[in-house]
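Every number in this text was worked out from the coordinates using simple rules, so none of it is lab data. On a predicted model such as this, the values are computed, not experimentally measured, just so you know. Glycine gets a Cβ as well: all are built from the backbone with ideal geometry, and neighbour counts include every protein chain shown.
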Ligand code: HEC
Ligand code: HEC
């Protein structure tokens, strides 16, 4: 379907329904305000109970990390409370696998957890929750979870590594370099399956605290953000900065981030 004029903009947004209807009505009605959060209520969960679902969800039909964390939260609510939780089209969360369609951008486990939070809380309440989850992720030497006999990839201990980044690429590649284990290996998949469980546990702890009115962010701003932000935040002298990621993995001039196109290896 081609959408050439402004009038036809609606066909770009409502292409699937246009075939069956004469139109989709006014734009304001087509883009309602945050209606989801009014109908989805968050229930407390038991992280011990959900963690294995996150791990198994990762392996389920190869759906991966994003599906795993999301299912361990919303899926388990569905198992306990039925609709509307169990009616969610969970398979769409597969898109987050390997940093969205194998692009290595955001860690899918984080995307799944943040998406689950977004079902229940709007931006203002959710951002501090997501931020605490992401900061914890930047600083934690993963993986922590051990499925024992239920391991679906590789049994036994998997070496941990704190990579300082929420990005799938940095997380996997720096772990792979630090441990000498190939990024495309069963052991790496096992690592990510376990991290899926770790992220689910942390997200559930944050959500439970929020539900109980006890949520208070644990992690402050990292030093790099405070320091670099003095000049690069909005309204400062060089206001180019977008985002809240820890700056050091990319801008600290380590040997790992030097030019590799000349004189390399
Ligand atoms: C005292 C102020 C100040 C601080 C602190 C500061 N910057 Fe800058 N930064 C600047 C200015 C000014 C420019 C140049 C802007 C221009 O050329 O228009 C710049 C440019 C840059 C550039 C682009 C040019 C280049 O040199 O690569 C990057 C990237 C950058 N800063 C990153 C950082 C990071 C990361 C930090 C924290 C470790 C940081 N800056 C801290 C003021 C600052
Ligand atoms: C995942 C890697 C990554 C992280 C994390 C990151 N940056 Fe960058 N940043 C880049 C890349 C890549 C560019 C584009 C560089 C270019 O233009 O060649 C960039 C661009 C910039 C620029 C614009 C100037 C330029 O060189 O284009 C500034 C300023 C900057 N970053 C500051 C920061 C600060 C401050 C932080 C932490 C709050 C941060 N960045 C975190 C990778 C990163």
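For a Förster distance of 41 Å, can you work out the FRET efficiency between the beta-carbons of residue 186 and residue 233, rounded to the nearest 0.05? Intermediate values should be presented prior to the final figure.
Details: r = 43 Å, r/R0 = 1.05.
Using R0 = 41 Å, I get an efficiency of 0.45.
List 215, 70 from most exposed to least, where exposure is judged by having the fewest other Cβ atoms within 10 Å. Walk me through the numbers on the way to the answer.
Numbers: 215 17, 70 31.
By the 10 Å Cβ count, ascending, the order reads 215, 70.
Test of understanding: what is the full-extension gain from residue 259 to residue 179, defined as 0.36 nm times their sequence separation minus their Cα-Cα distance?
Details: separation 80, 0.36 × 80 = 28.80 nm, distance 2.26 nm.
Length difference between fully extended and current span is 26.5 nm.
If N is the number of residues in the chain, what value comes out of its Cα radius of gyration divided by 2.2 N^0.38 Å? Mind dumping the intermediate values first?
On the way: Rg = 20.7 Å, N = 265, 2.2 N^0.38 = 18.3 Å.
In units of the globular-protein estimate, the chain measures up at 1.13.
So if we plug the beta-carbon distance of residue 224 and residue 39 into 1/(1 + (r/R0)^6) with R0 = 45 Å, what FRET efficiency do we get, rounded to 0.05? Working shown, then result.
Details: r = 40 Å, r/R0 = 0.89.
Plugging the Cβ-Cβ distance into 1/(1 + (r/R0)^6) gives 0.65.
Let me know the Kirkwood hydrodynamic radius for region 100-245, please, with Cα pairs as the basis and the value in Å to one decimal.
Evaluated over region 100-245, this radius sits at 16.6 Å.
In what sequence do 132, 150 fall when counting other Cβ within 10 Å, fewest first? Walk me through the numbers on the way to the answer.
Working: 132 20, 150 10.
In order of increasing Cβ crowding within 10 Å: 150, 132.
Take the alpha carbon atoms of region 100-158, find their center, do the same for region 177-239, and report the distance between the two centers in whole angstrom.
With region 100-158 and region 177-239 each reduced to a Cα centre, they are spaced 8 Å.
Nearest 500 deg cm²/dmol is fine: what mean residue ellipticity at 222 nm does the chain get from its DSSP H runs of n ≥ 4 alone, each adding -39,500 (n - 2.57), divided by its residue count? Let's see the in-between values first.
On the way: 12 runs with 127 residues, N = 265.
Value at 222 nm, helices only, nearest 500: -14500 deg cm²/dmol.
Once you put a point 7 Å from the Cα of residue 157 and another 7 Å from the Cα of residue 127, both along the Cβ direction, what distance in nm separates them?
4.2
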